[in-house]
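Remarks on the structure that follows.
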Amino acid sequence: MILGTIILGKVIIVGLALIAILAIIFAIGIAVAIGGYHMLLSPDDILEHREDTTTHTPVGNVVIDASTFGGNIEVGDSDTGNIEVIYDVHATQGHLADIVTGTNYSMDGDTLDINAVARLTSDSSMLSVNRGADIYLKLPKNATYSFTLNTNGGNVNVPDTSGASMSIDTLGGNIDLNNVSYGSITVHTSGGSIDADYSAANSSFDTQGGNIDLHAGENEGNINAYTSGGNIDVWVPYGTLFSVDASTTGGQVRYGTISMALSENNEEHIIGHTGAGEGNLSMSLQTSGGDVDLSYD
């Protein structure tokens, strides 16, 4: 009788413990449902944002040097008619102050120089903290632009602009140029693809880890494209007179129905030129990990 009573008591205790555990689980579920989940997360899991903005009255010629880390650089149309530099800063909770932004405007003759920077403060050395900043350049259409754009952790997107020169460098993202026209274009990424619909007398595209797709609008000048980890596809204006040196160590070189005189002609390497057409375009195309395709647009 006594033994039965002891066993029954233990069963009751275990049952009450299980009920308590279920109640705790239910309470946690309710907390999550009403947004209390922030109390269950580490501060390292929560991102905070801050937006910094500067504006300037537009002028006819603008030179922009923009640099950031851990984020993208995007060029777009201005809704206000002014030049706007917008920083979307993000950081792990409690670390927004680790990032400082600054935009300097100065006039050089009839040209406006803009230097835009997002950077870490000198005492911000915690590598485990998630931090970065996107830069948005909102620009009027009635001006010419020269760009030097750098980010060590994001994509770069530049549409619908024209000017003297464009230089882009990113350590970890894709580069997209759409309907741009410049005297010279230099593009480098060490971790993404390059997609360009452009016009430039001299252009150079280099990536260590992606494809290169080029729609070139000029039938004169130079095109240099190199990738160690993808395909190269180049379209030039129909009927362009050009010379080309194209090679691959991991695929095929193809030129469709374009008629060329070739001094080197095998599956992985061609050197040659067209015999007729307009312009005078020189191309050097090289990949060590994909195909090269050359076509008339």
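Pairs please, first residue from the stretch 193-222 and touching a residue at least 60 places away in the same chain (Cβ under 8 Å), second anywhere and in a strand (DSSP E or B) and acidic (Asp, Glu), Cβ atoms under 6 Å, 6+ apart in sequence or on different chains.
Short answer, once both residue conditions are applied: His215/Asp197; Asn219/Glu278.
From the list Asp110, Asp134, Asp65, which residue is in contact with a strand residue (DSSP E or B) (Cβ under 7 Å, 6 or more places away or on another chain), of a type in the set (Asp, Glu) and surrounded by fewer than 15 Cβ atoms within 10 Å (Cβ to Cβ)? Break it down into steps so the answer makes sense when it comes.
Values: Asp134 fails: surrounded by fewer than 15 Cβ atoms within 10 Å (Cβ to Cβ); Asp65 fails: surrounded by fewer than 15 Cβ atoms within 10 Å (Cβ to Cβ).
Result: Asp110 is the single residue among Asp110, Asp134, Asp65 that is in contact with a strand residue (DSSP E or B) (Cβ under 7 Å, 6 or more places away or on another chain), of a type in the set (Asp, Glu) and surrounded by fewer than 15 Cβ atoms within 10 Å (Cβ to Cβ).
Which ones in the stretch 158-167 are under 12 Å from Asp195 (Cβ atoms) and buried (at least 19 other Cβ atoms within 10 Å of the Cβ)? Walk me through it before giving the result.
Step one: filter the stretch 158-167 for residues under 12 Å from Asp195 (Cβ atoms), giving 158-159.
Answer for the stretch 158-167, where residues must be under 12 Å from Asp195 (Cβ atoms) and buried (at least 19 other Cβ atoms within 10 Å of the Cβ): just Val158.
Can you go through Asn231, Asn222, Asn211 and tell me which one is within 12 Å of Met283 (Cβ to Cβ), of a type in the set (S, T, N, Q) and assigned by TED's automatic domain parsing to the domain that holds Met283? Lay out the reasoning, then the answer.
Working: Asn231 fails: within 12 Å of Met283 (Cβ to Cβ); Asn211 fails: within 12 Å of Met283 (Cβ to Cβ).
Unique residue meeting the criteria: Asn222.
When you look at Ser67, is it modelled with pLDDT of 95 or more and in contact with a Ser or Thr (Cβ under 8 Å, 6 or more places away or on another chain), yes or no? Steps first, please.
Details: modelled with pLDDT of 95 or more: yes; in contact with a Ser or Thr (Cβ under 8 Å, 6 or more places away or on another chain): yes.
When the stated conditions are applied, Ser67 passes them.
Test Ala164 against the stated conditions and say whether it is part of a strand (DSSP E or B), touching a residue at least 60 places away in the same chain (Cβ under 8 Å) and over 24 Å from Asp213 (Cβ atoms). Working first, answer last.
On the way: part of a strand (DSSP E or B): yes; touching a residue at least 60 places away in the same chain (Cβ under 8 Å): no; over 24 Å from Asp213 (Cβ atoms): yes.
For Ala164, the condition - part of a strand (DSSP E or B), touching a residue at least 60 places away in the same chain (Cβ under 8 Å) and over 24 Å from Asp213 (Cβ atoms) - is not met.
Scan the stretch 220-229 for residues that are more than 18 Å from Asn178 (Cα to Cα) and at pLDDT 95 or above and report the count.
The qualifying residues number 6.
Condition first: modelled with pLDDT under 95 and polar (S, T, N, Q). Now tell me which residues in the stretch 147-183 satisfy that.
Passing the criteria: only Asn152.
Name the residues in the stretch 112-139 that are at pLDDT 95 or above and over 22 Å from the mean Cα position of the chain (by Cα), would you?
Leu112, Asp113
Cβ-Cβ distance below 8 Å, separation of 6 or more or different chains: which pairs start in the stretch 252-265 with a residue that is over 18 Å from Ser284 (Cβ atoms) and end on one that is surrounded by 13 or more Cβ atoms within 10 Å (Cβ to Cβ) and modelled with pLDDT of 95 or more?
Note: pairs meeting the criteria are Gly256/Asp293; Gly256/Leu294; Gly256/Ser295; Gly256/Tyr296; Ser259/Thr274.
Go through the stretch 146-157 residue by residue and tally those that are under 17 Å from Ala118 (Cα atoms) and buried (at least 20 other Cβ atoms within 10 Å of the Cβ). Show your work before the answer.
Taking the stretch 146-157 and keeping what is under 17 Å from Ala118 (Cα atoms), we get 147-156.
When the remaining residues are screened for being buried (at least 20 other Cβ atoms within 10 Å of the Cβ), the result is 147, 149, 151, 154, 156.
Qualifying residue count, the stretch 146-157: 5.
So which strands (runs of 3 or more DSSP E) are wholly in the stretch 183-297 and hold at least 1 residues that are out of contact with any helix residue (DSSP H, G or I) (no Cβ under 9 Å at 6 or more places or on another chain) and more than 22 Å from Asn155 (Cβ to Cβ)?
Working: elements: 194-207, 212-216, 220-227, 232-236, 240-248, 261-266, 269-273, 278-287, 292-296.
Qualifying strands (runs of 3 or more DSSP E): 194-207, 220-227, 232-236, 240-248, 261-266, 269-273, 278-287, 292-296.
The values are calculated or read from the model by the stated rules, or taken from the named source; none is laboratory data. Computed from a predicted model, the values in this text were never measured in an experiment. All Cβ positions, even for glycine, are placed from backbone atoms using ideal geometry, and neighbour counts span all protein chains on display.
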